[in-house]
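So that we are looking at the same thing, I have put the structure below in structure tokens.
Just so you know, all these numbers are worked out from the coordinates, no wet-lab data involved. Keep in mind that what you see is a predicted model, and the values were worked out from it rather than measured. So basically every Cβ, Gly included, is an ideal-geometry build from the backbone, and we count neighbours across all protein chains shown.
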Amino acid sequence: MKVSIIGAGRVGSAAAFSIMHLASVNEISLVDIMGDLAKGEALDLEHAANALDRDIVIMGGDGYGIAQESDLSIIIAGKPRAPGMTRDQLAGDNARIIKSIIPKLDTDKILVVTNPMDVMTWVAFKESGKPREKVFGMGGVLDTARYHSLGGEGLVLGEHGDSKVMPDASLAQKLIDINNDVITLKKGTCYGPAASIGIMAQAVIEDTHSVLPCSCILDGEYGLEGLAIGVPAEVSSNGVKVVEYPLQGEQERDFRMSADVIRKMIRALP
Ligand code: NAI
């Protein structure tokens, strides 16, 4: 199995390290417009693979030749949030970056991480022309991990942003705050996202059919269509299959409001 990572910055390089630990991958390619950065990260990761006694071919550079025939391409290229910034403020610039990357990919499946992730997943789906099960986004696994760190139980769904939806809504503000704390303190996030990407890549590569919260393109499920939003999905080597989960009362109302937030951002795209 071959995984390509587009964007070898803080999260992209850590994601490669995480995938190396979690998934039985044979090849990892890192592509970044900063070619030397991708090459350097690949070299460093190659040393890590040797130390771990893992037989993985790792390449880096600024050309897409090394990313040909990928089973999974993970897009983590683009601008990150600066302290005080919301994810949607990144939408225009990062949509242009996603649109420039998609035509260069030679891949079966695309996992989108770039923020605002649900909107960028929608952009990748539209630009790639792939079936919807092949294009999905990472946000819910991370939000759920953070929610559990606060004592919450169950899955975090909806937008990977401030309108996210969780079983215990009283934890909502705390969840936003702990995420902002990481960004304020270390000017970005890295290990949490990387581990979450690793979990999703593992489910794809090892065909585990695990049910994970993923940003999926909906086509009537939950009464919604024309957007990507966080829902439970079965993740396998074929991609994602939406699982319909009964939402009730406040959770259902909040999920619809979250969908409206994403749709508004999609409509505002350049
Ligand atoms: P970073 O600035 O460390 O890395 C971004 C990399 O993208 C840079 O190395 C840059 O050279 C590269 N890049 C920019 N344009 C490119 C292009 N056209 N082709 C290839 N590479 C390109 O940023 P970081 O912290 O790694 O974050 C990356 C993205 O991931 C941001 O949008 C951030 O908001 C998002 N993110 C999403 C998370 C999620 O849960 N979905 C969690 C953490 C970050």
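Each label point is 7 Å from the Cα along the Cα-to-Cβ direction; what then is the distance between the points at V182 and D93, in nm?
For V182 paired with D93, the spin-label model returns 2.1 nm.
Once a ≥ b ≥ c are taken as the square roots of the eigenvalues of the Cα gyration tensor of the range 85-230, is the result rounded (a/c under 1.5), prolate (a/b larger than b/c) or oblate (a/b not larger than b/c)?
Cα axes put the range 85-230 in the prolate bin.
Can I ask one more? Among all lysine pairs in the range 112-258 that are eight or more places apart or on different chains, how many have alpha carbons less than 30 angstrom apart?
Value for the range 112-258: 13.
So what are the ³J(HN,Hα) numbers for the range 203-214, from phi and the Karplus equation (6.51, -1.76, 1.60; θ = phi - 60°), rounded to whole Hz, Gly and Pro as x?
Residue by residue, the range 203-214 yields 4, 6, 5, 9, 6, 7, 6, 5, 8, 10, x, 10 Hz.
Test of understanding: given the chain, find the longest segment containing no GluC sites (Glu not before Pro) that are in a DSSP loop and have at most 14 other Cβ atoms within 10 Å.
After excluding every exposed loop site, the longest remaining stretch is 154-243.
Which ³J(HN,Hα) values in Hz, rounded to whole numbers, follow from the phi angles of the range 124-135 under the Karplus curve 6.51 cos²θ - 1.76 cosθ + 1.60, where θ = phi - 60° and Gly and Pro get x?
Coupling constants for the range 124-135: 5, 4, 5, 6, 7, x, 7, x, 5, 6, 9, 10 Hz.
Between rounded, prolate and oblate, where does the range 201-249 land on the alpha carbon gyration tensor, with a ≥ b ≥ c its root eigenvalues, rounded for a/c under 1.5, else prolate if a/b exceeds b/c?
Here the range 201-249 falls in the prolate category.
How many angstrom separate the Cα center of the range 107-129 from the Cα center of the range 172-198?
If we compute the Cα centre of each part, the gap is 21 Å.
Tally Lys/Arg at +1 and Asp/Glu at -1 over every other residue whose Cβ is under 12 Å from the Cβ of R96; what's the total?
Net of charged neighbours comes to 0.
Name the shape class, rounded, prolate or oblate, that the alpha-carbon gyration tensor gives for the range 179-270, where a ≥ b ≥ c are the square roots of its eigenvalues, rounded holds for a/c under 1.5, and otherwise prolate holds if a/b is larger than b/c and oblate otherwise.
Oblate is the answer for the range 179-270, as a/c is 1.5 or above yet b/c matches or exceeds a/b.
Sort largest first and round to whole Å: the equivalent ellipsoid semi-axes of the range 31-99, each the square root of five times a Cα gyration tensor eigenvalue.
Working from the Cα gyration tensor, I get semi-axes of 28, 15, 11 Å.
Right, here's the next one. In whole Å, what three semi-axes, largest first, describe the equivalent ellipsoid of the chain built from its Cα gyration tensor (square root of 5 times each eigenvalue)?
28, 19, 18
Now a separate question. Give me the number: length gained by fully extending D168 to D260, i.e. 0.36 nm times residue separation minus the C-alpha to C-alpha distance, one decimal in nm.
Going from the current span to full extension adds 31.0 nm.
Given just the C-alpha atoms of the range 50-168, how large is their convex hull per residue in cubic angstrom?
Considering the Cα atoms of the range 50-168, their hull volume per residue is 164 Å³.
Considering the dipole of the chain built from charges on the beta carbon (Lys and Arg +1, Asp and Glu -1) around the Cα centre, which of A95, L247, G12 is farthest to its positive end?
Of the candidates, A95 comes out farthest on the positive side.
Continuing with this model, one more query. Tell me the label-point distance for the pair H21, Y191, using the 7 Å Cα-to-Cβ offset, in nm and rounded to one decimal.
Distance between the two pseudo-spin positions: 0.8 nm.
Here's something else I'd like to know. Relative contact order of the chain: what whole-number percent is it, with Cα pairs under 8 angstrom and at least 6 residues apart?
19 percent.
Using 1/(1 + (r/R0)^6) with R0 = 45 angstrom and r between the beta carbons of L43 and A82, what's the FRET efficiency to the nearest 0.05?
0.95
Can you check what the Kirkwood hydrodynamic radius comes to for the range 1-47, Cα pairs only, in Å to one decimal?
10.4 Å
Select from T107, T184, T121 the residue whose mean-square fluctuation is largest in a Gaussian network model of the chain (Cα-Cα springs shorter than 10 Å).
Result: T184 has the largest fluctuation of those listed.
If each of D207 and E153 carries a label point 7 Å out from its Cα toward its Cβ, how far apart are those two points in nm?
3.4 nm
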